Amino acid sequence: MSTREQAVDTALAFFDSGAFRDRLAALVAIPSTLQDPDHEKDVWRYLEEGIRPWVERMGFTVAVHPNPRAGFGPILIAERIEDPAYRTVLTYGHSVAIREHLWYDFFHAKSATYAG
């Protein structure tokens, strides 16, 4: 089996097993709403505890930096160099969560499930 086929099979198994939904539920359960200054610590937690370990398990070196623009939350940057001859891909993360009362009525954000 080729590396590409293995990657596709792994991704499908992750999704089909429910592990993707579980990870998504854990992430959306963190109230990382940038519009509310009271949740600044949650935004940091989202990146440090939610995203960082996941990206590190994929072999990336990760750094979380304060945003130079106040009120816009921290920025996660990840790097993985497989071969310096390969092209560079920038990976970054930030929190763009919206306030819970703005979620659709049929989607339960805290559990990442749909009603009905």
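The values are calculated or read from the model by the stated rules, or taken from the named source; none is laboratory data. In this text, all values refer to a predicted model and were calculated from it rather than measured experimentally. Every residue, glycine as well, gets a Cβ built from its backbone with ideal geometry; the counts of neighbours run over all protein chains shown.
A few notes on this one:
- Taken across the stretch 79-89, residues that are at pLDDT 85 or above and under 20 Å from the mean Cα position of the chain (by Cα) do occur, with at least one present.
- Verdict on L47 being part of a helix (DSSP H, G or I) and free of Cβ contacts under 8 Å to residues at least 12 places away in the same chain: no
- Residue list for the stretch 34-57, filter: loosely packed, with under 10 Cβ neighbours inside 10 Å and closer than 21 Å to T10 by Cβ: R57
- Looking across the stretch 63-92, just one residue is exposed (fewer than 13 other Cβ atoms within 10 Å of the Cβ), among the hydrophobic types (A, V, I, L, M, F, W, C) and touching a strand residue (DSSP E or B) at 6+ places or on another chain (Cβ under 6 Å), and that is A63.
- When every residue of the stretch 10-29 is checked against the conditions, at least one turns out to be of a type in the set (S, T, N, Q), part of a helix (DSSP H, G or I) and under 21 Å from E82 (Cβ atoms).
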